[in-house]
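Readers should treat all values here as calculations from the given coordinates under stated rules, not as data from a laboratory. The model shown is predicted, which means the values in this text are computed figures rather than measured ones. Note: ideal-geometry Cβ built from the backbone for every residue, glycine included; neighbour counts use all protein chains shown.
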Amino acid sequence: MLFLSIALMYACSKDGDEIVPAAEKITFSVPSNFSAPAYNFENNKLTNAGFALGKKLFYDARLAADKSVSCGSCHQQFAAFANLDHKVSHGVNNCQGKRNAPPLFNLAWQKAFFWDGGVKNIETSPLNAITDACEMGTDIETIITLLKNTAPYPDLFKQAFGSTEINSQLVLKSITQFTAVLVSANSKYDKVMRKEGAATFTSAELTGYNLFKEKCSSCHAEPFFTDFSYRSNGLDLASADEGRSHITGLSTDFGKFRVPTLRNIEFTGPYMHDGRFYSLDEVMEHYNSGVKPASNLDVKLKGGIQLSTTEKEQIKAFLKTLTDNDFIKNKLYSES
Amino acid sequence: MKIAKYLLAFLCPIILLSSCKKSDDTLAVQTKSSFTIEFEHQVNGAALALNTATYKNAKGEDFKLNIFKYYVSNIKLSKADGTAYLVPESYFLIDESKSSSKLITINDVPTGDYTRIEYTIGVDYARNFAGAQTGALDPINGMFWTWNSGYIFVKLEGTSPQSTAANNALTFHIGGVIDPNNTIRTFSAEINPANPLRVRTDSKPDMHFIVNAAALFTGKTDISFATLNFTMGGANSVIVADNYAKGLFRLDHIHN
């Protein structure tokens, strides 16, 4: 089972006696344990050149106002494209944002983006980070001017889209060819679920999985480990960040945030929308004893989730089966 | 190959049309032509002049304008017999500061006499969430919210001594498509059947609309800048949209 499969294609020369390897073909395919994606490249034909251009833009710090940060600065591959050891994102002019940079993978299945779900299409998601004064602090017009005047971008756009024209639509579509292709579905959990080879849970992992299904999966639903809903998990009696209500204007959404995926959770700390917890132990202790009766606290969290020390260890053992090393180390996604 | 394609493109409408004919022997070819729409910006009858002129809202409060721009989309033309033509991909950004934007040309319109025009003030629901767009909908035009995706349908900025905001600013960014704060509004105008919009191959009519920027502040709810001087979506934007749905546009005349 290959997800982002690198299909090594061999083209034979005419006389048939010489084998010439063609380029690795970038493809997007749906893992067998996943549902149909929300984004399917229907209006954005995935090509090697489009992917390569999107990746180059993703890692280019010259796009930021002070040329100090790229998308990849706060979305690091070794952290599953989250931001290692940063509570909140760290943008231009050393500005600290107000929320934790979320990991980037399986975005093609996501219908809304950011902690508050304010952005509804993956293609327009980068605009937020591009324009935020505490992220890249620039605007798309400035970026387009830069790209038009910076080799080899005009050539790369020509290779990707057939014309040296550079506009916001092509910039955003090419970045999407990179970000939407980021699929993480090769963890031990996935292999067990798909009954691949000899993959089996250890007894601690299996007990943890059963505990997880009993206590966590109503929000962190399989196989994405989020139900993509917005909830308050009682971090504070009164949230300092309005969260989802900033988007909906509804007081009943105050202090609610998107349920984050738990895939690759081993590498995506710190945790929560404001990155307040550095370890999974702290997260688990929050659910065990720290849930505050906030006004919009999720009904399933009233009274918290009681977890013994052993249970915490077992759940943690299971959560580590969600680590996808193939994804984190895939050189196709690396800067160079 | 190319010739074959053109031939096919040419034949298709004929086939389509001829199949609709009921009892007519003649094969009519659907001809197409164009017309223009001119948007003349005013404030309560006076010509709109950015940055300089002072106007009064319905509450008698003075104000000046610095920015006035809005979307017109999904233009639909109807004939007296009830048949309608929806202009495909019709998205226009009209901007007071760009005079060329105030005269738009609608091409490839089936010829005929039209007695009604309808369009969306803003951008339809689907296109607000449809991913990276180009042309009038390009986010480069400063009419796209990045933090809460969607288009600003009408953007008016200015100043008023009554405004309690910093620098007496007026900031009216109207948009949002989710209930209860949906601000998509439709404008329609009946055209005098005695002088319909006559789209002909040999004549390209011009429709002339008066656009009253002060319509944002009256019509359903008279707005005082002392209490409402800033909105970017939400309930207050709905108040403004309900106002301008009534009085932003008026079909003044048609040159046939």
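Provide the FRET efficiency to the nearest 0.05 for the A:Asn288-A:Ser336 pair, computing r from the beta carbons and using R0 = 45 Å. Efficiency computed from Cβ-Cβ geometry: 0.55. Sites listed here are trypsin sites (Lys or Arg not before Pro) in the stretch A:55-127 whose DSSP assignment is loop and whose Cβ has at most 16 other Cβ atoms within 10 Å: A:Lys67, A:Lys98, A:Lys111.
Spin-label pair A:Ala133-B:Glu38: with each label point 7 Å from Cα along the Cα-Cβ axis, the two points sit 4.3 nm from one another. Contact order, relative form, for chain A: 19 percent (alpha carbon pairs under 8 Å, 6 or more residues apart, mean separation divided by residue count).
Name the lysines eligible as straight-distance cross-link partners of B:Lys56: C-alpha to C-alpha under 16 Å, and not fewer than 8 places from it in the same chain. Reachable lysines: B:Lys64.
DSSP loop GluC sites (Glu not before Pro) in the stretch A:210-281 with at most 16 other Cβ atoms within 10 Å of their Cβ, which ones? Filter output for the stretch A:210-281: A:Glu242.
Mean residue ellipticity at 222 nm, helices only, the protein assembly as shown: -6000 deg cm²/dmol; runs of at least 4 DSSP H residues each add -39,500 (n - 2.57), and the sum is divided by the number of residues.
Candidate cross-link partners of B:Lys204 among the aspartates and glutamates, defined by an alpha-carbon separation under 18 Å and a same-chain spacing of 8 or more, comprise B:Glu38, B:Asp108, B:Asp113, B:Asp252.
Between A:Glu165 and B:Ala47, the simple spin-label model (points 7 angstrom out along Cα→Cβ) gives 3.5 nm. Cβ-Cβ distance of B:Ala226 and A:Glu313, R₀ of 56 Å, FRET efficiency by 1/(1 + (r/R0)^6): the value works out to about 0.35. For chain B, the relative contact order works out to 23 percent when only alpha carbon pairs closer than 8 Å and six or more residues apart are counted. Within the stretch B:45-76, the trypsin sites (Lys or Arg not before Pro) that combine a DSSP coil assignment with at most 16 other C-beta atoms in a 10 angstrom radius are B:Lys59. Of A:Thr268, A:Ser203, A:Gly303, which is farthest along the charge dipole of the stretch A:188-322 in the positive direction, counting Lys and Arg as +1 and Asp and Glu as -1 at C-beta? Final value for the positive-end residue is A:Ser203. Structural descriptor for the stretch B:83-180: relative contact order 19 percent, calculated from alpha carbon pairs under 8 angstrom and at least 6 residues apart. As a calculated quantity, the FRET efficiency between A:Lys302 and B:Asp252 at R0 = 35 Å, using C-beta atoms, amounts to about 0.05. Subtracting the Cα-Cα distance of A:Cys95 and A:Lys148 from 0.36 nm times their residue separation leaves 16.3 nm of extension gain.
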